[in-house]
Amino acid sequence: MGFFSKAMPTTTQSGFANEQDAYAAIMFAVALSDGEIASDEIKNIVATILSKKLFAGRNAEDVHQKIIENLAKFKDLNELLNAAVYKISNEQKEPLFATLVDMVLADGVVNEGEQQMLEKLKESLNISDALTSKIIEVLLIKNR
């Protein structure tokens with residue numbers, strides 16, 4: 001095994017074949033961080049995912065099935081997140097984070113699990129404190 005194969009995650013090491021699968025899995029992981037996910041919440045998340053340019057040409061059933069398959073590969077949500085962030089491009093990091101914050105703030109309550117998950121993702125995706133503050137400020141106004 002060479003230097004780069006040790007240092008860089010491969011598809012097998014990361015567990016995700018592409019950025020779309022990792023993006024969708026992260027969204028579901030954040031939704032699951034409060035310990036439950038309702039069927040309406042699943043539908044809303046899939047609709048949000050499919051509204052992104054990144055998912056052009058994908059359909060809801062395929063996205064949902066792939067998410068279930070990917071969630072089953074990991075022992076817990078932290079392991080999933082650690083693997084998934086490697087597949088998120090620099091171009092998608094900020095939009096993904098903003099979408100996650102919006103999703104969490106939509107019900108008006110941010111529980112401890114959601115807060116911890118967002119903090120972890122903020123660090124993993126290299127989102128600055130300044131941008132995080134702006135995102136939260138705008139989304140709190142949006143979700144009033």
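Data table
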item: Listing of helices (runs of 4 or more DSSP H) fully contained in the stretch 50-142 that carry 1 or more residues being under 25 Å from Asp40 (Cβ atoms), hydrophobic (A, V, I, L, M, F, W, C) and at pLDDT below 90; result: 60-72, 77-84, 90-105, 129-142
item: Filtered residue count, the stretch 22-43, keeping only those that are surrounded by fewer than 22 Cβ atoms within 10 Å (Cβ to Cβ) and among the β-branched types (Val, Ile, Thr); result: 2
item: Single match in Glu94, Glu112, Glu69, Glu79 (criterion: in contact with a helix residue (DSSP H, G or I) (Cβ under 8 Å, 6 or more places away or on another chain) and of a type in the set (Asp, Glu)); result: Glu94
item: Enumeration of residues in the stretch 49-87 that are over 24 Å from Gly35 (Cβ atoms) and touching an Asp or Glu at 6+ places or on another chain (Cβ under 6 Å); result: Lys87
item: Tally, over the stretch 44-70, of residues that are within 20 Å of Phe97 (Cβ to Cβ) and either surrounded by 14 or more Cβ atoms within 10 Å (Cβ to Cβ) or among the acidic types (Asp, Glu) (or both); result: 12
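The values are calculated or read from the model by the stated rules, or taken from the named source; none is laboratory data. No experiment lies behind these values; they were computed from the predicted model shown. Backbone-built Cβ (ideal geometry, glycine too); neighbour counts: all protein chains shown.
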